[in-house]
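What follows is a single structure, written as C-alpha cells, with notes after it.
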Amino acid sequence: EVREAMLEAARGLTWNEAENAFALALMRDRERVEAMPGTVQQEKTTRVRTSGLLDLVTPAETLDDVGGLAALKAWLGRQGALLAGAADALAWGFAPRDLPKGVLLLGVPGTGKSLAARAIAGTWHLPLLRLEMARVLGSLVGQSEARTQGALRLAEAMAPCVLHVDEIEKALAGAGAGHLDSGVTSRVVGTLLTWLQERGLGRDGVPAPVFVVATANRVESLPPELFRPGRFDQVFFLDLPDQAERRTVLEIHLRARRQTVAGGALEGLTAQTEGYSAAELEQVVKIACLTAFQDGGRRVTVEDLESARPTVTPLAESRGEELGALRNWARTRAQRANGTPGEPAGAVPGRRRLHG
Ligand SMILES: Nc1ncnc2c1ncn2[C@@H]1O[C@H](COP(=O)(O)OP(=O)(O)OP(=O)(O)O)[C@@H](O)[C@H]1O
Ligand SMILES: [Mg+2]
C-alpha cells in the first residue's frame with residue numbers, strides 16, 4: 001500500500017528525481033514507513049517552489065466568494081462532479097480525453113478571472129499552481145521554451161492540481177511585443193498549445209489531472225488555435241456585473257469584513273454602480289469600511305457606501321469603446337459567464353441601456 005502511494009507521489013518526476021526523493025524518504029522515514037509518500041510529495045513541492053516559475057498556493061477562497069457569474073459556476077459544478085467521479089465516468093464509457101481539462105476565462109479586468117482560478121482550487125481542495133507568462137518570457141530569452149516545458153512537467157508532477165496560466169495573452173502576443181522576438185514567443189506558444197492538447201498520460205493511461213485555468217483580459221493577440229476543440233473544455237467571457245450581481249458582490253465583500261447592510265438598503269447603490277467591476281465594488285466597500293472604522297469603530301452604513309462610491313471611478317467609463325469591442329469579439333467565441341447557463345456571450349439583455 002505504501003509502495004503504491006510512493007509511486008503515486010513520484011508521478012511526474014524523472015528517474016533521477018524519483019531516485020533522489022525515494023532515497024531521502026528511505027533515510028528520513030526509516031522508522032515511519034507510512035510517512036514516506038508524504039516526503040516524496042514534499043520533495044515535489046520544494047521543486048515547484050524553487051523552480052522560480054510557478055507559485056504554489058492553497059487558496060482559502062471557494063466559489064461562494066465569487067459573486068454573480070452563475071453560468072460559469074454552474075458549469076464548474078458539473079466539471080467538478082465529473083472530476084471527482086472520474087473512475088465511474090470512465091467505467092461508464094467516457095474516454096480519458098473526455099475528462100475535464102480546463103477553461104479559458106476572458107474578459108473585463110476586475111471581474112473575477114484570477115479569483116475564479118483560486119476559487120476552483122479552493123472548492124475542489126486542490127493545490128493551485130500559478131504560471132505567470134510574463135515571468136517565463138521575462139529573462140533568459142533563449143531558454144523560454146525549455147522553461148515552459150519544465151513548468152508544465154512540474155505541474156503534471158503535482159497533479160491533481162489546478163494550473164492557472166495567468167495573462168496567457170502575454171505569451172501569445174506575437175511580433176512587436178516589447179523586447180521579445182516573435183520566434184521565441186511563438187515557440188513558447190507552440191509548447192503550451194501542444195501540451196494543452198496532448199497532456200502527459202499517467203500510469204493508468206489517464207491524463208494527469210491538471211485542470212488548467214487560463215486567463216486573459218486582452219483578446220486581440222489570442223491565436224485561433226487556442227480555441228480549437230481539445231484545448232479547453234469551454235471558453236467563458238466575464239462581463240461587468242449586472243445589478244443583481246453587483247448586490248451579491250457588495251454583500252460578499254461586506255460579509256468578508258464582518259459587516260452587513262439590510263438587503264433592500266443596497267438597492268440605490270446597486271443602481272448607481274452601473275459600469276463598476278467587482279473589483280471596483282470591493283474598493284467602494286473598503287473605503288466605506290475605513291470611514292466607519294475610523295469614526296469610532298462603528299458599523300458601516302449604506303450612507304458610508306454611497307459616499308465612498310463617487311471616489312471610485314470605474315475603468316469602463318474611460319474605456320467604453322474597448323469594452324464594446326471586447327463584448328463583440330466574445331459574442332461568437334465564448335459562453336457568457338454571467339447570468340443563466342447556456343446563453344451565448346452576446347446576449348446582454350439591455351445591460352448598457354440601463355444607462356439611459
Ligand atoms: N465576481 C467577483 N465576486 C466577488 N469579488 C470579486 C469578483 N471579481 C473580482 N472580485 C474582487 O476583486 C479582486 C480582483 O479581481 P480579479 O483579480 O479576480 O480580477 P481579474 O478578472 O483577474 O482582473 P485582471 O484582468 O485585471 O487580471 C478579487 O480578488 C476580489 O476580491
Ligand atoms: Mg487576473
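Values computed for the structure shown
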item: Evaluation of Val213 against (1) within 30 Å of Ala86 (Cβ to Cβ); (2) surrounded by fewer than 19 Cβ atoms within 10 Å (Cβ to Cβ) (one fails), failing number; result: (2)
item: Members of the range 308-346 that are open to solvent by less than 40 Å² (accessible area, probe 1.4 Å), within 22 Å of Ala271 (Cβ to Cβ), at pLDDT below 90 and not in a helix (DSSP H, G or I); result: Gly339
item: Selection within the range 234-277 - among the charged types (D, E, K, R), open to solvent by 10 Å² or more (accessible area, probe 1.4 Å) and within 12 Å of ligand 1 (Cβ to nearest atom); result: Asp242, Glu245, Arg247, Glu251, Arg255, Arg257
item: Scope the range 39-69; condition touching a strand residue (DSSP E or B) at 6+ places or on another chain (Cβ under 7 Å) and surrounded by 17 or more Cβ atoms within 10 Å (Cβ to Cβ); matching residues; result: Val48, Leu53, Leu54, Leu56, Pro59, Leu69
item: Filtered residues of the range 115-139 (kept if out of contact with any Ser or Thr (no Cβ under 9 Å at 6 or more places or on another chain), among the small types (Gly, Ala, Ser) and within 14 Å of ligand 2 (Cβ to nearest atom)); result: Ala134
item: Residue ID - farthest from Thr39 (Cα to Cα), chosen from residues in the range 12-23 that are at pLDDT below 80 and open to solvent by less than 40 Å² (accessible area, probe 1.4 Å); result: Gly12
item: Qualifying residue in the range 27-38 (condition: open to solvent by less than 70 Å² (accessible area, probe 1.4 Å) and under 19 Å from Ala214 (Cα atoms)); result: no
item: Matching option when the condition is in a helix (DSSP H, G or I) and within 29 Å of the chain's Cα centre (by Cα), among Glu282, Glu303; result: Glu282
item: Among (1) within 29 Å of the chain's Cα centre (by Cα); (2) on the phi < 0 side of the Ramachandran plot - the single one Ala23 does not satisfy; result: (1)
item: Filter result (in contact (Cβ under 8 Å) with a residue 60 or more places away in the chain and assigned to a loop (DSSP other than H, G, I, E, B)) within the range 232-258; result: Asp233, Asp239, Leu240, Pro241, Asp242, Ala256
item: Residue tally, condition in contact (Cβ under 8 Å) with a residue 40 or more places away in the chain and either within 15 Å of ligand 1 (Cβ to nearest atom) or in a helix (DSSP H, G or I) (or both), over the range 85-99; result: 4
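The values are calculated or read from the model by the stated rules, or taken from the named source; none is laboratory data. All values derive from a computational prediction rather than experimental measurement. Note: ideal-geometry Cβ built from the backbone for every residue, glycine included; neighbour counts use all protein chains shown. Only protein heavy atoms, including side chains, enter the accessible area calculation; ligands, DNA and RNA are left aside. Shrake-Rupley method; radii C 1.70, N 1.55, O 1.52, S 1.80 Å.
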